[in-house]
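Remarks on the structure that follows.
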Amino acid sequence: MSYDNDIDYPDISSDEYKAIEKAVRQAIRLLLKEGHPYEPSKLLRRQEVVYALKGAHIPKELLDLMVLPLMDCREWIWEEYAEKKLWTLEEAAALSVGMDPFIFQLEPGQYYNGWRVEREQALSRTREAILLRELPAVSEGEVSYMTPYAFCRWALEAGLLNSDLAKPLRGLAQDPQYIQHLPTFDEMRERFTTYAQQRLFADGLSQAEQRRRALYGFAVFAKLDNPKLTREQIAKLAFESISEDCQKVQGFTYNTIRNDLMKLDQKADRSSTQNQPFLNLVPSDREIESTDPTHRWWSRWRPVIAQELPWLMLPE
């Protein structure tokens with residue numbers, strides 16, 4: 001897809017262009033979240049962005065627009081927050097008016113407009129509802145957390161979800177299953193391999209916490225898919241799921257994957273009364289198939305995994 005820079009780009013409404021624009025914006029947002037300064041010329045030269053462009057010759061004026069962080073909460077940004085079990089007060093207020101919470105916090109107060117006023121009003125009303133115990137929330141230090149469903153139900157009744165961009169929140173308020181989609185093992189494997197592929201084109205070390213989250217989700221759902229898998233087998237399965245190029249990236253070598261899974265077992269073991277670590281336990285057929293919670297292996301382990309990995313949505 002090659003076009004001269006001195007003519008109007010003819011395909012900005014095409015699916016191909018939209019896919020490239022989304023990939024570039026995702027790469028830029030990831031870099032900004034990792035702490036890279038907002039310097040458009042440098043960001044556009046990053047390998048992640050070059051890879052996202054896939055060789056397309058996009059005119060400079062359109063590239064300048066692509067690299068500009070958007071404040072509105074696009075569908076792929078909403079999916080990021082939809083997967084969370086808890087929102088902070090600030091995240092909830094921004095999402096209620098259709099803002100991307102991360103981009104808002106990136107440059108707070110950079111300019112004044114009515115949209116920011118709406119966000120501040122939502123923030124104030126939500127904080128007040130928490131103090132009046134109209135909205136259940138928990139506090140850790142100076143940060144207040146709430147479940148997405150509880151916030152959306154309250155915000156809808158309070159008349160805060162009027163923006164067209166708040167449509168996903170209205171949907172959640174009316175249907176608690178709107179974002180409570182339990183991932184499958186295949187989906188967790190896709191998340192892990194996708195994250196590995198993204199980091200293949202990054203300089204330096206990947207963020208250890210994000211890497212472990214992707215791996216731990218993969219491991220837990222691999223164990224749910226086949227409870228008789230051992231930790232070593234799951235480590236091999238994870239390693240073999242990524243490409244040969246990714247296997248060479250620091251953080252995704254076999255030894256690192258195996259050591260990270262051992263750390264998960266050690267964490268879970270400290271919180272459990274079981275005789276074997278979670279990933280290394282090979283339950284009997286009776287323990288797998290039993291409907292009695294006292295005998296069923298997953299019923300015994302679910303509270304432990306939920307405590308150690310609170311961000312991971314788990315089946316009952």
Can you name every residue in region 223-241 that is more than 17 Å from Val304 (Cβ to Cβ) and surrounded by fewer than 22 Cβ atoms within 10 Å (Cβ to Cβ)?
Asp225, Asn226, Lys228, Leu229, Thr230, Glu232, Gln233, Lys236, Leu237, Phe239, Glu240, Ser241
Residues (modelled with pLDDT of 80 or more and more than 22 Å from Trp76 (Cα to Cα)) located in region 6-47:
Pro37, Glu39, Ser41, Lys42, Arg45
Could you identify the single residue in Leu131, Leu123, Leu95, Leu65 that is touching a Pro at 6+ places or on another chain (Cβ under 8 Å) and of a type outside the set (Gly, Ala, Ser)?
Leu95
Leu314 fails exactly one of (1) assigned to a loop (DSSP other than H, G, I, E, B); (2) surrounded by 15 or more Cβ atoms within 10 Å (Cβ to Cβ); (3) of a type in the set (A, V, I, L, M); (4) free of Cβ contacts under 8 Å to residues at least 60 places away in the same chain, namely (4)
Do we have Gly204 as at pLDDT 75 or above, farther than 18 Å from Leu264 by Cβ and either acidic (Asp, Glu) or out of contact with any Pro (no Cβ under 9 Å at 6 or more places or on another chain) (or both) here?
no
Those residues of region 76-100 that are in contact (Cβ under 8 Å) with a residue 60 or more places away in the chain and of a type in the set (Asp, Glu) come to a total of 1
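Among the residues of region 59-88 satisfying the criterion of being under 17 Å from the mean Cα position of the chain (by Cα) and among the β-branched types (Val, Ile, Thr), which is modelled with the lowest pLDDT?
Out of the qualifying residues, it is Ile77.
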Considering only region 288-305, state which residues are surrounded by 15 or more Cβ atoms within 10 Å (Cβ to Cβ), assigned to a helix (DSSP H, G or I) and without any contact (Cβ under 8 Å) to a residue 12 or more places away in the chain.
Ser299
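Can you find a residue that is free of Cβ contacts under 8 Å to residues at least 60 places away in the same chain, surrounded by 12 or more Cβ atoms within 10 Å (Cβ to Cβ) and assigned to a helix (DSSP H, G or I) anywhere in region 242-250?
Yes: one or more hits.
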Which condition number in (1) within 22 Å of Gln210 (Cβ to Cβ); (2) more than 23 Å from the chain's Cα centre (by Cα) is the one that Arg116 fails?
(1)
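The values are calculated or read from the model by the stated rules, or taken from the named source; none is laboratory data. Quick caveat: nothing in here was measured; it's all calculated off a predicted structure. Because the Cβ atoms are built from the backbone with ideal geometry, glycine has one as well, and the counts that use them run over all protein chains shown.
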